[in-house]
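First up is the structure itself, then whatever we jot down about it.
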Amino acid sequence: SGSASAVAAIEPKANRNEPARQRFRDARSFYTYYGGGKVAELSRHDIAVLHTPMMASADVRRLSDLGVVTVGYISIGESSKLLDGDGSGPGGKASWYFDQDGNGEPDQNAIWKSWYANTNDPAWRANRVAEAKRLVEEYGFDGIFLDVLNVSEIYPESRPGMLQMIQDLRDALPYAVIVMNQGFDLVAESAPLVDGFMMESFTATYD
């Protein structure tokens, strides 16, 4: 019956007490889901890449307790909100924004309406490390999913900072799973620091 299958779907995994990075290495399936709920469905997979605040902390912790490796989304190349920081950047905003066109305003991603951030700036790296630690230590994720690494291709001068960002995240979260989303030009040097690499949009584009 449907109720019986639902009960079976949320049985804890046999390896749930092993370290998250080991469970990630042993995983056979994953699911990327940027909505909320659906704990029973997601529990059928070994890894779940999830988005906050859509997926509530209680559900993240429930999945993790069941043995699913929960990986929380974090953008390290853009900020979804225009932040003030110390006000020393373009337009009186944070120091880490780019202004490639010299118009006095932070450069914006025309598709997603977010703002490109310079990973060479230690203040931005510190901001992202703090958010990653919050996701793992407070929200309950087993790891983090790094998005928008391709900013280092748009702004090649920021490539050293992007590599340093990944190192900073690994140093701050030695036991957490780290997955790179894209970042083809970074993967060779970052491979020793991360647990996985996702190739997004293999058969479809964002739209």
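Things to note:
- Given +1 at the Cβ of Lys and Arg, -1 at the Cβ of Asp and Glu and no other charges, the dipole of the chain around its Cα centre is 840 debye to the nearest 20.
- For region 54-202, the relative contact order comes to 23 percent (Cα pairs under 8 Å, sequence separation of at least 6).
- Taking the C-alpha atoms only, the angle from helix 122-133 to the longest principal axis of the chain is near 10 degrees.
- Peptides 60-67, 48-55 ranked from most to least packed, by the mean per-residue count of other Cβ atoms within 10 Å: 48-55, 60-67.
- Sorted largest first by accessible area at a 1.4 angstrom probe radius, with every protein chain in place, the residues TRP115, TRP96 fall in the order TRP115, TRP96.
- Computed over the chain, the per-residue total of -39500 (n - 2.57) for DSSP H runs of n ≥ 4 gives a 222 nm mean residue ellipticity of -8000 deg cm²/dmol, rounded to 500.
- Residues PHE197, PHE145 ordered from highest to lowest accessible area at a 1.4 Å probe: PHE197, PHE145.
- Ranked by the mean number of other Cβ atoms within 10 Å of their residues, highest first, the peptides 154-166, 116-128 come out as 116-128, 154-166.
- Charge tally in the Cβ shell below 13 Å around ASP26, where Lys, Arg are +1 and Asp, Glu are -1, ASP26 excluded: +3
- Identified option (computed percent of Cα pairs over 23 Å apart; candidates [x] 47; [y] 61; [z] 53): [x]
- Heavy-atom accessible surface of the chain: percent carbon and sulfur, 1.4 Å: 52
- Once you divide the Cα radius of gyration of region 22-93 by 2.2 N^0.38 Å, the number left is 1.46.
- Order of exposure, largest accessible area first, which applies to SER88, SER152 with probe 1.4 Å: SER88, SER152
- Taking every alpha-carbon pair in region 56-156 and binning the separations at 5 Å intervals from zero gives 3, 13, 21, 20, 15, 11, 9, 5, 2, 1, 0 percent.
- Test item: Cα-centred dipole of region 131-190, Lys/Arg +1 and Asp/Glu -1 on Cβ, debye: 60
- Relative packing of 18-28, 132-142, which averages over residues the other C-beta atoms within 10 Å, highest first: 132-142, 18-28
The values are calculated or read from the model by the stated rules, or taken from the named source; none is laboratory data. Because the structure is a prediction, the values reported are computed rather than measured. Note that we place each Cβ from the backbone using ideal geometry, even for glycine, and neighbour counts take in every protein chain shown. Quick note on the areas: whole protein, heavy atoms, side chains included, nothing else; ligands and nucleic acids left out. Shrake-Rupley method; radii C 1.70, N 1.55, O 1.52, S 1.80 Å.
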